[in-house]
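The values are calculated or read from the model by the stated rules, or taken from the named source; none is laboratory data. Everything quoted here is computed from the prediction, not taken from an experiment. Note: ideal-geometry Cβ built from the backbone for every residue, glycine included; neighbour counts use all protein chains shown.
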Amino acid sequence: MFPIARTRAIFAVAAALLFAGSATATVLRLMSMTAMSGTPMPGGWTLSATWLPLCGRTWLQTATSFVSMWATMTPAMMLPALAPMLWRERSTLTIHSGWLIILNAGGYFMVWLLAGMAVFPLGAGIASLAIRVPSIARAAPVATGFVVMAAGVLQCTSWKAKRLQSCHSVRQCHDAVSAVRVGMRFALQCASCCGNWMAVLLATGVMNREATLIVSAAIAIERVAASRGALVGIFRVTGAASMAAGFMLIAYAI
(Lines give C-alpha, C1' and ligand atoms only; values in the text may rest on other atoms or scores of the structure.)
Protein backbone atom coordinates (compact mmCIF):
# COMPACT_ATOMS: atom_id res chain seq x y z
CA MET A 1 0.00 0.00 0.00
CA PHE A 2 1.30 3.43 -0.95
CA PRO A 3 1.21 6.42 1.42
CA ILE A 4 -1.56 8.98 0.81
CA ALA A 5 0.82 11.59 -0.62
CA ARG A 6 2.31 9.13 -3.08
CA THR A 7 -1.14 7.84 -4.01
CA ARG A 8 -2.29 11.36 -4.83
CA ALA A 9 0.83 12.00 -6.90
CA ILE A 10 0.45 8.78 -8.91
CA PHE A 11 -3.24 9.41 -9.57
CA ALA A 12 -2.72 13.07 -10.49
CA VAL A 13 0.13 12.27 -12.89
CA ALA A 14 -1.81 9.47 -14.58
CA ALA A 15 -4.93 11.62 -14.99
CA ALA A 16 -2.91 14.59 -16.25
CA LEU A 17 -1.08 12.45 -18.82
CA LEU A 18 -4.33 10.94 -20.08
CA PHE A 19 -5.96 14.36 -20.31
CA ALA A 20 -2.93 15.92 -22.06
CA GLY A 21 -2.69 13.06 -24.54
CA SER A 22 -6.40 13.16 -25.34
CA ALA A 23 -6.46 16.97 -25.65
CA THR A 24 -3.39 17.01 -27.91
CA ALA A 25 -4.74 14.26 -30.14
CA THR A 26 -8.10 16.03 -30.33
CA VAL A 27 -6.51 19.31 -31.37
CA LEU A 28 -4.53 17.55 -34.08
CA ARG A 29 -7.67 15.81 -35.35
CA LEU A 30 -9.57 19.10 -35.37
CA MET A 31 -6.78 20.74 -37.37
CA SER A 32 -6.74 17.93 -39.91
CA MET A 33 -10.53 17.99 -40.27
CA THR A 34 -10.53 21.78 -40.65
CA ALA A 35 -8.12 21.41 -43.58
CA MET A 36 -10.61 19.14 -45.36
CA SER A 37 -13.18 20.94 -47.44
CA GLY A 38 -16.80 20.27 -46.57
CA THR A 39 -19.85 20.39 -48.81
CA PRO A 40 -21.57 23.80 -49.27
CA MET A 41 -25.25 23.43 -48.49
CA PRO A 42 -28.43 25.41 -49.20
CA GLY A 43 -28.97 27.77 -46.31
CA GLY A 44 -25.42 29.08 -46.27
CA TRP A 45 -23.71 26.40 -44.18
CA THR A 46 -21.12 23.72 -44.87
CA LEU A 47 -21.64 20.02 -44.23
CA SER A 48 -18.64 18.55 -42.43
CA ALA A 49 -16.70 15.73 -44.05
CA THR A 50 -17.18 13.86 -40.75
CA TRP A 51 -20.51 12.34 -41.76
CA LEU A 52 -20.25 11.31 -45.40
CA PRO A 53 -17.70 9.19 -47.32
CA LEU A 54 -16.07 11.94 -49.36
CA CYS A 55 -12.90 11.72 -51.48
CA GLY A 56 -13.43 8.08 -52.48
CA ARG A 57 -13.74 6.78 -48.93
CA THR A 58 -16.13 3.98 -47.98
CA TRP A 59 -18.86 4.14 -45.34
CA LEU A 60 -16.84 1.79 -43.13
CA GLN A 61 -13.79 4.05 -43.32
CA THR A 62 -15.91 7.10 -42.53
CA ALA A 63 -17.59 5.39 -39.56
CA THR A 64 -14.24 4.16 -38.25
CA SER A 65 -12.79 7.66 -38.53
CA PHE A 66 -15.72 9.16 -36.62
CA VAL A 67 -15.63 6.58 -33.84
CA SER A 68 -11.86 6.93 -33.44
CA MET A 69 -12.24 10.71 -33.28
CA TRP A 70 -15.03 10.32 -30.70
CA ALA A 71 -12.86 7.97 -28.62
CA THR A 72 -9.96 10.41 -28.83
CA MET A 73 -11.86 13.45 -27.59
CA THR A 74 -13.97 11.74 -24.90
CA PRO A 75 -11.24 11.51 -22.21
CA ALA A 76 -10.43 15.22 -22.54
CA MET A 77 -14.11 16.14 -22.22
CA MET A 78 -15.13 13.69 -19.49
CA LEU A 79 -12.10 13.40 -17.20
CA PRO A 80 -13.25 16.44 -15.15
CA ALA A 81 -16.28 14.34 -14.22
CA LEU A 82 -14.59 10.93 -13.94
CA ALA A 83 -11.36 11.77 -12.12
CA PRO A 84 -12.95 13.15 -8.91
CA MET A 85 -15.22 10.11 -8.70
CA LEU A 86 -12.28 7.71 -9.02
CA TRP A 87 -10.28 9.70 -6.48
CA ARG A 88 -13.05 9.68 -3.88
CA GLU A 89 -13.51 5.94 -4.33
CA ARG A 90 -9.92 5.08 -3.36
CA SER A 91 -8.14 7.00 -0.61
CA THR A 92 -5.19 4.58 -0.67
CA LEU A 93 -3.60 2.69 -3.53
CA THR A 94 -2.67 -0.97 -3.78
CA ILE A 95 -2.07 -3.15 -6.81
CA HIS A 96 -5.62 -4.51 -6.45
CA SER A 97 -7.30 -1.12 -6.07
CA GLY A 98 -5.19 0.27 -8.91
CA TRP A 99 -6.58 -2.37 -11.27
CA LEU A 100 -10.11 -1.64 -10.04
CA ILE A 101 -9.65 2.04 -10.87
CA ILE A 102 -8.50 1.09 -14.38
CA LEU A 103 -11.55 -1.16 -14.79
CA ASN A 104 -13.82 1.63 -13.52
CA ALA A 105 -12.42 3.92 -16.20
CA GLY A 106 -12.62 1.17 -18.82
CA GLY A 107 -16.33 0.59 -18.14
CA TYR A 108 -16.97 4.33 -18.18
CA PHE A 109 -15.29 4.99 -21.52
CA MET A 110 -16.75 1.83 -23.07
CA VAL A 111 -20.24 3.30 -22.65
CA TRP A 112 -19.16 6.54 -24.30
CA LEU A 113 -17.53 4.58 -27.14
CA LEU A 114 -20.79 2.71 -27.72
CA ALA A 115 -22.60 6.05 -27.67
CA GLY A 116 -20.33 7.30 -30.45
CA MET A 117 -21.05 4.16 -32.47
CA ALA A 118 -24.77 4.83 -32.07
CA VAL A 119 -24.49 8.54 -32.91
CA PHE A 120 -22.75 8.07 -36.26
CA PRO A 121 -25.63 6.32 -38.12
CA LEU A 122 -28.03 9.00 -36.89
CA GLY A 123 -25.77 11.85 -37.98
CA ALA A 124 -24.95 10.19 -41.28
CA GLY A 125 -28.64 9.64 -41.97
CA ILE A 126 -29.49 13.29 -41.34
CA ALA A 127 -26.54 14.40 -43.49
CA SER A 128 -27.67 12.13 -46.33
CA LEU A 129 -31.18 13.60 -46.14
CA ALA A 130 -29.77 17.13 -46.19
CA ILE A 131 -27.79 16.28 -49.33
CA ARG A 132 -30.86 14.89 -51.09
CA VAL A 133 -33.58 17.25 -49.83
CA PRO A 134 -32.73 20.97 -50.17
CA SER A 135 -35.57 22.04 -47.86
CA ILE A 136 -34.04 20.03 -45.01
CA ALA A 137 -30.66 21.61 -45.68
CA ARG A 138 -32.17 25.11 -45.58
CA ALA A 139 -33.86 24.34 -42.26
CA ALA A 140 -30.67 23.01 -40.64
CA PRO A 141 -29.32 26.36 -39.31
CA VAL A 142 -32.65 27.17 -37.67
CA ALA A 143 -32.87 23.65 -36.23
CA THR A 144 -29.38 24.06 -34.80
CA GLY A 145 -30.46 27.26 -33.08
CA PHE A 146 -33.46 25.53 -31.54
CA VAL A 147 -31.24 22.68 -30.26
CA VAL A 148 -28.88 25.17 -28.61
CA MET A 149 -31.81 27.09 -27.12
CA ALA A 150 -33.46 23.89 -25.86
CA ALA A 151 -30.19 22.88 -24.22
CA GLY A 152 -30.22 26.16 -22.31
CA VAL A 153 -33.82 25.66 -21.21
CA LEU A 154 -33.05 22.13 -19.97
CA GLN A 155 -30.01 23.47 -18.17
CA CYS A 156 -32.25 25.60 -15.96
CA THR A 157 -34.63 22.82 -14.92
CA SER A 158 -34.75 21.05 -11.56
CA TRP A 159 -34.51 17.74 -13.47
CA LYS A 160 -31.01 18.62 -14.65
CA ALA A 161 -30.00 19.81 -11.18
CA LYS A 162 -31.13 16.56 -9.56
CA ARG A 163 -29.27 14.47 -12.13
CA LEU A 164 -26.09 16.44 -11.64
CA GLN A 165 -26.26 16.26 -7.85
CA SER A 166 -26.43 12.47 -8.03
CA CYS A 167 -23.62 12.24 -10.60
CA HIS A 168 -20.58 12.67 -8.37
CA SER A 169 -20.68 9.65 -6.05
CA VAL A 170 -20.82 5.89 -6.60
CA ARG A 171 -20.48 2.90 -4.34
CA GLN A 172 -17.06 1.34 -3.87
CA CYS A 173 -16.36 -1.92 -5.69
CA HIS A 174 -14.16 -4.85 -4.69
CA ASP A 175 -13.95 -7.12 -7.76
CA ALA A 176 -13.37 -6.77 -11.48
CA VAL A 177 -16.96 -7.33 -12.62
CA SER A 178 -18.46 -4.83 -10.18
CA ALA A 179 -15.74 -2.32 -11.08
CA VAL A 180 -16.71 -2.41 -14.76
CA ARG A 181 -20.40 -2.19 -13.87
CA VAL A 182 -19.83 0.78 -11.58
CA GLY A 183 -17.92 2.57 -14.34
CA MET A 184 -20.67 1.85 -16.86
CA ARG A 185 -23.39 2.98 -14.46
CA PHE A 186 -21.54 6.21 -13.76
CA ALA A 187 -21.17 6.82 -17.51
CA LEU A 188 -24.93 6.48 -17.96
CA GLN A 189 -25.51 8.94 -15.11
CA CYS A 190 -22.97 11.27 -16.69
CA ALA A 191 -24.65 11.01 -20.09
CA SER A 192 -28.02 11.96 -18.60
CA CYS A 193 -26.37 15.04 -17.03
CA CYS A 194 -24.46 16.37 -20.02
CA GLY A 195 -26.72 15.09 -22.79
CA ASN A 196 -27.92 18.63 -23.52
CA TRP A 197 -24.34 19.79 -24.08
CA MET A 198 -23.49 16.80 -26.27
CA ALA A 199 -26.59 17.61 -28.35
CA VAL A 200 -25.22 21.14 -28.79
CA LEU A 201 -21.87 19.74 -29.90
CA LEU A 202 -23.46 17.42 -32.45
CA ALA A 203 -25.85 20.08 -33.76
CA THR A 204 -23.16 22.73 -34.23
CA GLY A 205 -20.60 20.35 -35.70
CA VAL A 206 -18.77 17.65 -33.81
CA MET A 207 -15.44 18.76 -35.31
CA ASN A 208 -16.07 22.46 -34.68
CA ARG A 209 -13.20 23.72 -32.52
CA GLU A 210 -15.14 26.51 -30.84
CA ALA A 211 -18.10 24.25 -30.05
CA THR A 212 -15.82 21.54 -28.67
CA LEU A 213 -14.04 23.99 -26.36
CA ILE A 214 -17.28 25.62 -25.17
CA VAL A 215 -19.01 22.30 -24.50
CA SER A 216 -15.96 20.88 -22.72
CA ALA A 217 -15.75 23.99 -20.54
CA ALA A 218 -19.48 23.89 -19.74
CA ILE A 219 -19.29 20.24 -18.67
CA ALA A 220 -16.22 20.83 -16.51
CA ILE A 221 -17.61 23.98 -14.88
CA GLU A 222 -20.91 22.41 -13.88
CA ARG A 223 -19.15 19.36 -12.41
CA VAL A 224 -16.92 21.58 -10.28
CA ALA A 225 -19.96 23.60 -9.24
CA ALA A 226 -21.85 20.42 -8.30
CA SER A 227 -19.01 19.18 -6.12
CA ARG A 228 -18.91 22.53 -4.29
CA GLY A 229 -22.64 23.10 -3.95
CA ALA A 230 -22.76 26.12 -6.28
CA LEU A 231 -25.21 24.77 -8.84
CA VAL A 232 -27.88 27.46 -9.01
CA GLY A 233 -25.70 30.38 -10.08
CA ILE A 234 -23.71 28.36 -12.61
CA PHE A 235 -26.87 26.84 -14.08
CA ARG A 236 -28.44 30.25 -14.60
CA VAL A 237 -25.35 31.62 -16.31
CA THR A 238 -24.71 28.68 -18.64
CA GLY A 239 -28.41 28.16 -19.34
CA ALA A 240 -28.97 31.82 -20.18
CA ALA A 241 -25.85 31.88 -22.37
CA SER A 242 -27.05 28.82 -24.30
CA MET A 243 -30.53 30.27 -24.80
CA ALA A 244 -29.06 33.56 -26.01
CA ALA A 245 -26.70 31.77 -28.39
CA GLY A 246 -29.60 29.72 -29.77
CA PHE A 247 -31.69 32.84 -30.32
CA MET A 248 -28.82 34.51 -32.18
CA LEU A 249 -28.30 31.44 -34.38
CA ILE A 250 -31.99 31.42 -35.29
CA ALA A 251 -32.04 35.16 -35.96
CA TYR A 252 -28.93 34.89 -38.16
CA ALA A 253 -30.39 31.96 -40.09
CA ILE A 254 -33.67 33.76 -40.71
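Restricting to region 200-212, what's the tally of residues that are crowded, with 16+ Cβ neighbours inside 10 Å and at pLDDT 70 or above? Break it down stepwise before answering.
Filtering region 200-212 for residues crowded, with 16+ Cβ neighbours inside 10 Å gives 200-208, 211-212.
Now drop any that are not at pLDDT 70 or above, which leaves 200-205, 208, 211-212.
So the answer is 9.
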Every listed condition ((1) surrounded by fewer than 18 Cβ atoms within 10 Å (Cβ to Cβ); (2) modelled with pLDDT under 90; (3) not hydrophobic (A, V, I, L, M, F, W, C)) holds for ASN104 save (1)
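Of all residues being part of a helix (DSSP H, G or I) and modelled with pLDDT under 70 in region 9-41, which is surrounded by the most Cβ atoms within 10 Å (Cβ to Cβ)? Just the residue, please. Walk me through it before giving the result.
The initial filter retains those residues of region 9-41 that are part of a helix (DSSP H, G or I), namely 9-35.
Okay, now just the ones that are also modelled with pLDDT under 70, so 33-35.
Details: MET33: 19, THR34: 13, ALA35: 8.
Filtering first and then ranking leaves MET33.
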Subset tally (residues that are closer than 26 Å to ARG29 by Cα and either surrounded by fewer than 15 Cβ atoms within 10 Å (Cβ to Cβ) or modelled with pLDDT of 80 or more (or both)) for region 213-241 = 7
